[in-house]
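So the structure is just underneath, and the comments pick up after that.
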């Protein structure tokens, strides 16, 4: 049988592993940044497909170029997502306001 803290950790939206409640604000900020990146990636993938598929279907796009464009699409999505690694919480969140 699991302890009460294990059950609470499994059902919680956010679990603090340190005793700093300002980490909740940082978690909400990174989730907002992540959601924004997801929307950006969906937008660019949609643009690639809206342009590439009709051009390829009409025979106006060389299959080699279509394959290169698809690879570039995947590369741009992956590199855009890796920009999240640069995110740091703002200095207002990392410094203690209260003694």
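The values are calculated or read from the model by the stated rules, or taken from the named source; none is laboratory data. Keep in mind that what you see is a predicted model, and the values were worked out from it rather than measured. Every residue, glycine as well, gets a Cβ built from its backbone with ideal geometry; the counts of neighbours run over all protein chains shown.
Among residues of the stretch 9-32 being modelled with pLDDT of 85 or more and surrounded by 13 or more Cβ atoms within 10 Å (Cβ to Cβ), the one that is nearest to residue 71 (Cα to Cα) is 30. Contact annotation: residue pairs with Cβ atoms under 9 Å, 6 or more positions apart or on different chains, pairing a residue in the stretch 1-14 that is on the phi < 0 side of the Ramachandran plot and part of a helix (DSSP H, G or I) with a partner that is surrounded by 10 or more Cβ atoms within 10 Å (Cβ to Cβ) and at pLDDT 75 or above, are 8/15; 9/15. Checked against the criterion of being at negative phi and at pLDDT below 85, the candidates 93, 75, 60 yield just one match: 93.
Only a single criterion out of (1) farther than 12 Å from residue 84 by Cα; (2) in a helix (DSSP H, G or I); (3) in contact with a helix residue (DSSP H, G or I) (Cβ under 8 Å, 6 or more places away or on another chain) is not satisfied by residue 37, namely (1).
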